[in-house]
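The values are calculated or read from the model by the stated rules, or taken from the named source; none is laboratory data. Model, not experiment: these values are computed from the prediction. As a convention, Cβ positions derive from the backbone with ideal geometry for all residues, glycine included, and neighbour counts pool all protein chains shown.
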Amino acid sequence: MAPRKLAAGNWKMNGTLAALAEIDQLLADHPQPDCDVLICPPATLIHPMVGRAAGSVLNVGGQDCHAGAPGAHTGDIAAEQLHDAGASHVILGHSERRSDHGDTDADVHAKSVAAHQAGLVAVICVGETEGQRDGGQTLDVIASQLAGSVPDCATAANTVIAYEPVWAIGTGRTPSNDQIAEVHALMRDRLAARFPDGGDFALLYGGSVKPGNAAEIFAIAHVDGALVGGASLKAADFGPIIAALAAS
């Protein structure tokens, strides 16, 4: 079974109820794309976005979850609460969570287990810093993050892996096609060696993906889609990325 193509949008800390009009436009322009579509808005918008997307191709996800059960964790959200709100996915281990909140590979591992137990698909992010790239450590860093962040209960059905080089997120810079291909080949090899269905995990690229470079990125081997930041906020930008993936 070939990996399912996925165009995923991470709205980060952006969007109010008025932004849901972008969902209406996106679904009107791309009602039945030949790929899966996911948007992960702020937690405040998950439930209303689920309602807006009812009966459509759009999946809605969270941007993080706590590893534990609901309880005394002020400001956190349990995986089962995301599921109850209608989320189908959750992003885990994004570089902004790793750097701003100190999430370690062990934390991402524990959150992924919680996500799976709650019936969510875990979108697990890995990626190197600029210093690690310049120091020739990229492949070692990615291999280590994969080993530490992806739990043994991961399958192609409940886990997506997103490669997001930290230095390319929101900067307008992207790695070369050869650099992306090298990392995605490593991820595919490591997953295939560890999991019976490792060849079927969807592997996304993230980091300054936009309409102008999407088709070129999707032509790279083992790139099954994208995790898109700023360009996912507007239907006029995210739509062409979805179309490029569907056509790849």
> In the set ALA143, ALA162, ALA231, which member is more than 17 Å from the chain's Cα centre (by Cα), small (Gly, Ala, Ser) and modelled with pLDDT of 95 or more?
Replying inline: ALA143
>> Could you check segment 124-140 and list, in sequence order, the residues that are under 14 Å from ARG98 (Cα atoms) and either in contact (Cβ under 8 Å) with a residue 40 or more places away in the chain or in a helix (DSSP H, G or I) (or both)?
In response: CYS125, VAL126, GLY127
> Any idea which residue in segment 79-123 is surrounded by the most Cβ atoms within 10 Å (Cβ to Cβ), counting only those that are over 15 Å from the mean Cα position of the chain (by Cα) and outside any helix (DSSP H, G or I)?
Replying inline: ASP103
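One line per residue, one yes/no per condition, for (1) buried (at least 21 other Cβ atoms within 10 Å of the Cβ); (2) under 14 Å from the mean Cα position of the chain (by Cα):
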| residue | (1), (2) |
| --- | --- |
| ASN158 | no, yes |
| ARG173 | no, no |
| ARG194 | no, no |
| ASP197 | no, no |
| PHE201 | yes, yes |
| PRO211 | no, no |
| ALA221 | no, no |
>> Six or more apart or on different chains, Cβ atoms under 8 Å: show the pairs whose first residue is in segment 1-30 and polar (S, T, N, Q) and whose second is surrounded by 15 or more Cβ atoms within 10 Å (Cβ to Cβ) and part of a loop (DSSP other than H, G, I, E, B).
In response: ASN10/GLN63; ASN10/HIS94; ASN10/GLY206; ASN10/GLY229; ASN14/PRO42; ASN14/LEU233
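If you go through segment 141-156, how many residues are among the hydrophobic types (A, V, I, L, M, F, W, C), surrounded by 15 or more Cβ atoms within 10 Å (Cβ to Cβ) and either assigned to a helix (DSSP H, G or I) or without any contact (Cβ under 8 Å) to a residue 40 or more places away in the chain (or both)?
Restricting attention to segment 141-156, the residues satisfying the condition of being among the hydrophobic types (A, V, I, L, M, F, W, C) are 141-143, 146-147, 150, 153-154, 156.
Next, from what is left, pick out any that are surrounded by 15 or more Cβ atoms within 10 Å (Cβ to Cβ): 141-143, 146, 150, 154, 156.
Those still in the list that are either assigned to a helix (DSSP H, G or I) or without any contact (Cβ under 8 Å) to a residue 40 or more places away in the chain (or both) too: 141-143, 146.
The qualifying residues number 4.
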